[in-house]
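One structure is given below, encoded as structure tokens.
Every number here is computed from the coordinates shown, using simple stated rules; none is lab data. Values in this document were obtained by computation on a predicted structure and should not be read as measured data. Ideal geometry is used to build each Cβ from the backbone, glycine not excepted, and the neighbour counts take in all protein chains shown.
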């Protein structure tokens, strides 16, 4: 467990950083498989070191306490540690006799312990079990209002997630960085540069920041950002350079490269973007023999699993190539195909049944924004709408304008009837809906439902929407299984819509992006952290909310000259103590 222990109450304290009260997710392997990089850090306002002598004491890799003076800020100390490890940082303040006289002093401070890079891969959701309350089984208990018979209460899956009316999937093909620099940035209200190809570490030139994210609601009043898919080339590359793949680590990606990096793909995957199979390494496997192409699928699957921690299962058919379509039918890795050759095949999601080995292009065989908007308008009023898809390659601002229109018409700003999600997310939801087994138990005025779903290790989007009928209105609902990490509800007619999140990645994402905010202090980082934290059960969200509320950027802590003497007296001898546990691998 992680705690912070102030020595005494400080009403004038600008900020004392509070660290996690949760377990830290397992870390990705470093160059030394036996150690994990851990960084102690402390930062403060520009005048802090002029007012105080700061002494840092921390637990080193060997378990001993090391002490050093902090000469300048920000201060950081990285150590390589072996789990389990109890990390602790103490920073003690001693006031200086002489200090500069000025009107205002910048004195805010913050500190912390980081155990992962800002863009580390989140461990995949494994550990499936047939045992109650673990893996693919969730249990909920409902306390019935007076006058409601338990016999009248029933539970079913909403036809679509969040009880939406119809679904739309947007896809970026061919590993272009515009999936990050244009589409993801638009959806998440981040800087969109006028340069077509801008990378995660790129310096902005001219451009803009959207004034809102593109979201729908979850049917219970909570925002959910649009999802989409990205078809990737994990192993393919230039014909004249076998070692040169199109997709590389960011450090090896040129500033003007048109191709996305692994770090950018990792960021996308955290925010509901799924990765699709596309062209295999055709330098090795060619593009004509389905059996060889299927071998290439395995290479790409392994590479994406290694770099991102996720397991691909959907093919974005490349080049209208029938050999790839045949390979998809042969390969156990491919569960579903976005197939331009099957553009006349419509999937009516409300009534479609199991989609394994299914295929569609999502309506008309075109990438024209206006035509797709017309198609969406037809499905919006249809009694049995089909799944609409749109695939682009490099993309341009016309597609950004289209997504804005989708948001205004059918997202939160409009009817809020559209589910904008990746191919994988829709496929997974239908698989859980169609394969679920629901058991009901009654005891007095309570009804318990157990829902068992056919989830496998490739499932990335482990949350479901349930409709509970016969309640006569709202009632209490309690999660009984420990795998439930998020729960939201809202009245629906004479019953309720209940959204259940049992994705073990969600607490890890809340940890990751809370830590990013603690380092960066930006409004965008705070919005990202709160996006994940808000999806958690209140008991799981509380320590994150505490940490987010405690962060004050050093530049924001200011003290007027008239209060400086009292502040120095109170701070003299004060110590900030930050602790964090790195548990042993399970």
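See the values below:
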| quantity | calculated |
| --- | --- |
| Length added when fully stretched, residue 256-residue 445, from 0.36 nm per residue minus Cα-Cα | 61.6 nm |
| More than 17 angstrom apart: percent of Cα pairs within the range 397-444 | 59 percent |
| Normalised convex hull volume, the range 272-431, alpha-carbon set, Å³ per residue | 121 Å³ |
| Exposure proxy order (Cβ contacts within 10 Å, fewest to most) of 427, 324 | 427, 324 |
| Label-to-label distance, nm, for residues given as residue 50 and residue 283 (7 Å Cα→Cβ offset) | 5.7 nm |
| Rg in Å to one decimal, and Dmax rounded to a whole Å, for the range 255-327 via C-alpha atoms | 13.1, 38 |
| Cα-based Rg and Dmax for the range 157-289, where Dmax is the largest Cα-Cα distance (Å) | 17.0, 54 |
| Sorted by Cβ neighbour density within 10 Å, fewest at the top, the residues 250, 509 | 250, 509 |
| Sequence of 260, 451 once ranked by neighbouring C-beta atoms within 10 Å, starting from the fewest | 451, 260 |
| Length gained when the stretch residue 156-residue 456 is fully extended (0.36 nm per residue, less Cα-Cα span) | 105.9 nm |
| Helix 369-380 axis, angle to the chain major axis (alpha carbon atoms, nearest 10°) | 80 degrees |
| Separation between Cα centres of the range 234-271 and the range 442-517, rounded to whole Å | 37 Å |
| For the range 206-221 and the range 339-369, distance of Cα centres in Å | 27 Å |
| Between helix 423-435 and the chain: long-axis angle, C-alpha atoms, 0 to 90°, nearest 10 | 70 degrees |
| Dimensions in Å of the chain - Rg and Dmax from alpha carbons | 26.1, 81 |
| Nearest-0.05 FRET efficiency for residue 208 and residue 351, computed from C-beta distance (R0 51 Å) | 0.75 |
| Set of the range 231-272 residues, backbone N closer than 18 Å to the point 7 Å along the Cα-Cβ line of residue 299 | 232-249 |
| Crossing angle, helix 538-550 versus the chain [Cα axis fit, 0-90 degrees, rounded to tens] | 50 degrees |
